[in-house]
Amino acid sequence: MKFQKGSTSLTSWKHEENEYPGHNNKYRVQNKEKWKEYYKCLQSQFNNLNVHNSVTPEALIGFETSVVTMECKICLSPLENKNKESITWEWAAKNSETLSPVEYSEHVLLAPEDRSLQIFNLRDEHTGQYICKLGESITTPYFLTVINITETTMDKVHSLAAPKGPYSKKPEDISFDLIIDTQWGEWSVCSICGKVGKKHKLGYCTVYFKGAGKDMELQAEEKRKRFESEITKLFKIFKYGIPCQSHILPNVVKTLPEVQGRKNEIMTGYCKVKCPMSKIFEVKDKSGNVIERVDNSVGIYSMFQKLPPIEASVERRLQYEVKGSNIILQCPGNINSDAPIQWQIGEKNLKAERIWAESKGRIFISITDRIHIKKAKISDSNIYSCWQLESLAGTVRLVVEKRFELNFNHSIMLFGLVLILGVFLYIFTKIIDIKIPKK
């Protein structure tokens, strides 16, 4: 019996057919390509060694409610590939010195293909150090910092291909022989398939050492031997740079005017992608006849498959606000995707341009997909639902109400309190005089 998904076939011993190709030329070619990938991985690890000939750690930044993926960079040969299931992740919280196993949940997942760690719907408590392990082998450590973003700490920019700006800021030289620049991530998933949707890309303010990478290797020998400051040593270890808001960035660098004034950036664009095809899993007998076929894309799985990942639950939030205040609504959930958020009230889609025009700027959706309401009214009370890829991610029940606030004059309160205490003291002394008989 063979198990097949896509182009991968497994024998009844649950190993891939090209693992022992024999005289099958097709499988021999596939097996050779796998070994090439293995040696390529080893060469990449060697090239990425830092000045101390150790693995280069990476400092990452993540925005709350967004997603981060950490790749497990352990190289496995085709013979060791079956040990991939033994790869584990450990982590230590920001102020902890002890590593402990990562607890997987609906938003903390281990990718079955490459064992990378994916954290969706990021929260501040995810800040810390992460390490991928296989037995006694430990690979590149990651230092993740999760921050809360606001529109005042982020600039919307356009790509260089756009006819008009604003464009991304250029690199700047700063103190301690450092450079500050913007490190761009990948484009997010398109917000919808089959139609024109929206995508975004985030740029993170990052500090680099001027001599990082190849330039550092070309430094004169006498300069190598010169006394290095702690900051220089740190940035030579983190040769990919450290984000401006990372918890491991020294305060002396973080408080520089150039670092304080540099914002993270976001770029948005339109997109149109085809809807994904159905994911069909087939089970065949020895003759190649299909004995079972299931469609994974609709949530149906075979007994011969591994358990599917846990689906993210729909997060719900009840939010009370005062009439006349300024309100920000943030989607409380995530369907484990980096796709942009689409807001709805009932069946009505909230288009950013339309609600801005209809409310005359009182209500708007920001570049971070949050709803901003100025001078909230009672009529703003409603259930706001947020969606990703046409799936419900969360709901916010907003209740705007009046609150009566009594303003007290503290001097009058103090005078009244003294007066009341004086009356009680007078009555108390009178009672004592009555009870004590005169001689």
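Note down, for the range 140-186, the three equivalent ellipsoid semi-axes (square root of 5 times each alpha carbon gyration tensor eigenvalue), biggest first, whole angstrom.
Working from the Cα gyration tensor, I get semi-axes of 23, 18, 13 Å.
Set the bar at 29 Å for Cα to Cα. Now go through K84/K236; K34/K306; K156/K374; K169/K377 and name every pair that lies beyond it.
Those over the limit are K84/K236; K169/K377.
Which loop-located GluC sites (Glu not before Pro) does the range 120-214 contain, where loop means any DSSP state but H, G, I, E or B and the Cβ has at most 10 other Cβ atoms within 10 Å?
The qualifying sites are E136, E186.
Of all chymotrypsin sites (Phe, Trp or Tyr not before Pro) in the range 55-155, which ones are in loop regions per DSSP and have a Cβ with at most 16 other Cβ atoms within 10 Å?
Loop-located and lightly packed - Y104.
Any chance you could run the full-extension gain for I328 through R316? It's 0.36 nm times the residue separation minus the Cα-Cα distance, nm to one decimal.
That pair, I328 and R316, stretches by 2.8 nm at full extension.
Can you compute the modelled spin-label distance between S159 and Q118, with each label point 7 Å from Cα toward Cβ, in nm?
2.4
Could you calculate the FRET efficiency of L307 with E230 from 1/(1 + (r/R0)^6), where r is the beta carbon distance between them and R0 is 51 Å, rounded to 0.05?
0.60
What is the ratio of the Cα radius of gyration of the range 276-388 to 2.2 N^0.38 Å, where N is its residue count, to two decimals?
Dividing the Cα Rg of the range 276-388 by 2.2 N^0.38 Å gives 1.62.
Would you calculate the separation in nanometres between label points at K284 and K210, each defined as 7 Å from the Cα along the Cα-to-beta-carbon direction?
6.2
Describe numerically, in nm with one decimal, the distance between label points set 7 Å from Cα along Cα→Cβ at T69 and at E390.
Here the answer is 2.3 nm between the modelled labels.
Give me the distance between the Cα centres of the range 130-185 and the range 291-352, rounded to whole Å.
About 27 Å separates the Cα centre of the range 130-185 from the one of the range 291-352.
Read-outs throughout are calculated quantities, based only on the coordinates presented, and are distinct from any laboratory measurement. All values reported here derive from a predicted model rather than from experimental measurement. Glycine gets a Cβ as well: all are built from the backbone with ideal geometry, and neighbour counts include every protein chain shown.
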